[in-house]
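Remarks on the structure that follows.
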Amino acid sequence: MTLYTIGFTQKTAQDFFNVLAKSGVKRVLDIRLNNVSQLAGFTKKNDLEFFLHSICGIDYVHLPILAPSQDILDEYRKFKGPWSDYERKFLSLMEQRDIKNKINRELLSDACLLCSEPKATHCHRRLTADYFKGIWADLEIHHLE
């Protein structure tokens with residue numbers, strides 16, 4: 001089973017949709033807490049759903065259950081908290097939400113976790129993908145950068 005991840009910042013719409021179209025992704029799982037901001041540009045929820053379907057034939061699902069809470073985001077971004085605290089709190093939140101029993105394999109198969117960060121290194125999409133790898137050892141992760 002393959003799970004992809006992608007961030008949209010520092011990418012043009014053309015690059016973003018070309019990468020997804022060539023990847024084999026069947027659905028984009030939007031795991032952002034806020035997906036309607038003007039800062040999201042071509043990835044605002046309704047626009048993104050339209051573009052993915054029209055340009056790439058890819059389905060769109062918004063899954064805020066896989067997003068960090070606003071307080072975890074604020075502590076890291078606004079107050080410049082350490083990544084190690086963000087990671088620990090986010091993974092704890094995943095356990096509290098009982099994610100392993102709420103998300104099924106079929107939804108993740110050939111899906112792509114979407115977030116805003118340009119690289120997966122310090123992003124919750126990587127943490128989420130690694131979390132699922134811990135549940136399903138046969139999961140293969142590809143970060144589309």
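Bear in mind these aren't lab numbers, they're just calculated from the coordinates by the rules spelled out. Quick caveat, the model's predicted, so the values are computed rather than measured. Every residue, glycine among them, receives a Cβ derived from its backbone with ideal geometry; neighbour counts consider all protein chains shown.
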Exposure-ranked with fewest Cβ neighbours within 10 Å first, Trp83, Trp136 stand as Trp83, Trp136
Once the in-chain neighbours fewer than 8 apart are removed, the lysines whose Cα is under 18 Å from Lys26 read Lys45
Counting only residues 5 or more apart in sequence or on a different chain, those whose built amide H sits under 5 Å from that of Leu113 are Tyr4, Thr5, Ile6, Leu29
Summing -39500 (n - 2.57) over every DSSP H run of at least 4 residues in the chain and dividing by its residue count gives a helix-only mean residue ellipticity at 222 nm, to the nearest 500 deg cm²/dmol, of -11000 deg cm²/dmol
For Lys80, counting only aspartates and glutamates whose alpha-carbon sits under 20 Å away and dropping same-chain residues fewer than eight positions off, the answer is Asp71, Glu117
A student asked for the Cα radius of gyration and Dmax of the chain in angstrom ought to give 14.5, 40
